[in-house]
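Reviewing the structure listed below.
The values are calculated or read from the model by the stated rules, or taken from the named source; none is laboratory data. Keep in mind the model is a prediction, meaning the values are calculated, not measured. Here the Cβ positions follow ideal geometry from the backbone for every residue, glycine too, while neighbour counts run over all protein chains shown.
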Amino acid sequence: VAASLVSGNAAGADEAMQRVLDQSRVAAGAQQGEVYLIGVGPGDPDLLTLRAQQLLQQADVILHDRLVPEAILSRARRDAERINVGKSPGAHEHTQEYINQLLVKQAQTGRRVARVKGGDPFIFGRGGEELQVLREAGIPVVVVPGITAGLGAAASAGIPLTLRGQSQAVTLVTATGANSSSLNWPALASPQQTVVFYMSAAQIDHIVAQLRTHGLPGAQPVALIERATWPQERILKSTLAELPALARGAGLLSPTLLIVGEVAALAQVRGWIAGQDALQSAQGKGGE
Ligand code: SAH
């Protein structure tokens, strides 16, 4: 460590120090590594659970996705190592296999590893796959549930997902890529329920076409919620018929989700000016 420091190689010194610490931890047999699979909610740090916060403060290393805000990461121990394993547009994308192996390797050095995920770890978060790999490797795992984006967004927009008399069920679904062709569209288009689409901003035309083909009326209320619970949250309220034009004009940013159902009409559109602008610019461009 000293040799690296003297030669001005700070990164090398850090690395050497980490190695020494890890070795001594393992040698002391003081501690078996473990993984905390933590859901941190949709973005607002006030929506962290107490357990999430406690474990963030215990972890030696934090593996997080791109969308986990700094306001949450800054609740972790200040000296914890941070590894961004998220997909950033255009940049090198870590495969799930790489992340799985990194989790195992980090824990096997005796470290306490926080795997931090937006929302809930088991809702479209691939937390289930990570849990399985860690179990197979014999590594203890603590799973901390989080408020999934659909619930956070609905609460934030004032949309009661299962309002008595209007919605008897709520379905969380993703319509991305390969999965979308196997979706049960007739079921998703049936009345008296609410459907929350994750990871689907790019699929809006397809979703609308499928739902209408399977019987939902053009007047069916919908809400798009962009960056739910973030300071920049935007809520757009519309109908199925008008949604494609609205979405095209809105310049949607990630992450966004779509809520389809009678209850979407109850959305409180605080960002209504932005929404109106988007609608007008879409209509101005001759949208449907
Ligand atoms: N495990 C996460 C979901 C991961 S999939 C959870 O339980 O919430 C990522 C998708 O979640 C995004 O494409 C988007 O549809 C949705 N999402 C996550 N955070 C969001 C937010 N703050 N606002 C709106 N949608 C969000």
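Within the stretch 163-210, take every residue that is touching a helix residue (DSSP H, G or I) at 6+ places or on another chain (Cβ under 8 Å) and among the small types (Gly, Ala, Ser) and give me the one that is modelled with the lowest pLDDT. The selected residue is Ser180.
Say we look at the stretch 109-122 and pick out the residues that are away from the ligand (no atom under 16 Å from the Cβ) and in a loop (DSSP other than H, G, I, E, B); which of these is nearest to Ser200 (Cα to Cα)? Break it down into steps so the answer makes sense when it comes.
We begin by selecting, within the stretch 109-122, every residue away from the ligand (no atom under 16 Å from the Cβ); these are 109-113.
If we keep only those that are in a loop (DSSP other than H, G, I, E, B) too, we end up with 109-111.
On the way: Thr109: 38, Gly110: 39, Arg111: 36 Å.
Among those residues, the one meeting the criterion is Arg111.
Just one residue in the set Thr229, Thr213 is modelled with pLDDT of 95 or more, within 15 Å of the ligand (Cβ to nearest atom) and not charged (D, E, K, R); that residue is Thr229.
Scan the stretch 256-277 and give yes if some residue there is at positive phi, within 15 Å of the ligand (Cβ to nearest atom) and either in a loop (DSSP other than H, G, I, E, B) or modelled with pLDDT of 95 or more (or both), otherwise no. Taking every residue of the stretch 256-277 in turn, none turns out to be at positive phi, within 15 Å of the ligand (Cβ to nearest atom) and either in a loop (DSSP other than H, G, I, E, B) or modelled with pLDDT of 95 or more (or both). Suppose the filter is of a type in the set (Lys, Arg), surrounded by fewer than 21 Cβ atoms within 10 Å (Cβ to Cβ) and modelled with pLDDT under 95; does Arg126 pass it? Considered against the rule, which asks whether it is of a type in the set (Lys, Arg), surrounded by fewer than 21 Cβ atoms within 10 Å (Cβ to Cβ) and modelled with pLDDT under 95, Arg126 comes out as yes.
So, Ser190, is that one out of contact with any Gly (no Cβ under 7 Å at 6 or more places or on another chain), over 16 Å from Glu262 (Cα atoms), away from the ligand (no atom under 16 Å from the Cβ) and not aromatic (Phe, Trp, Tyr) or not? No. When the test is whether a residue is at pLDDT below 95 and either surrounded by fewer than 12 Cβ atoms within 10 Å (Cβ to Cβ) or on the phi < 0 side of the Ramachandran plot (or both), Val113 does not pass it. Considering the conditions (1) over 17 Å from the mean Cα position of the chain (by Cα); (2) within 16 Å of the ligand (Cβ to nearest atom); (3) of a type outside the set (Lys, Arg); (4) closer than 25 Å to Gly165 by Cβ, Ala219 is excluded by exactly one of them, (2). Taking (1) within 15 Å of the ligand (Cβ to nearest atom); (2) surrounded by fewer than 20 Cβ atoms within 10 Å (Cβ to Cβ); (3) over 30 Å from Leu50 (Cβ atoms) in turn, Leu224 satisfies each apart from (2).
For (1) near the ligand (Cβ under 10 Å from one of its atoms); (2) in a helix (DSSP H, G or I); (3) charged (D, E, K, R), each residue gets a yes or a no:
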| residue | (1), (2), (3) |
| --- | --- |
| Phe124 | yes, no, no |
| Glu129 | no, yes, yes |
| Ile139 | no, no, no |
| Val143 | no, no, no |
| Gly146 | yes, no, no |
| Gly150 | yes, yes, no |
| Pro160 | no, no, no |
| Gln166 | no, no, no |
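Pairs meeting the criteria (first residue in the stretch 23-45 and more than 22 Å from Asn100 (Cα to Cα), second residue modelled with pLDDT under 80 and more than 16 Å from the ligand (Cβ to nearest atom), beta carbons under 7 Å, at least 6 apart or on different chains) are Arg25/Gln31. Under the condition of being in a loop (DSSP other than H, G, I, E, B) and either at positive phi or at pLDDT below 90 (or both), the residues counted in the stretch 18-70 number 9.
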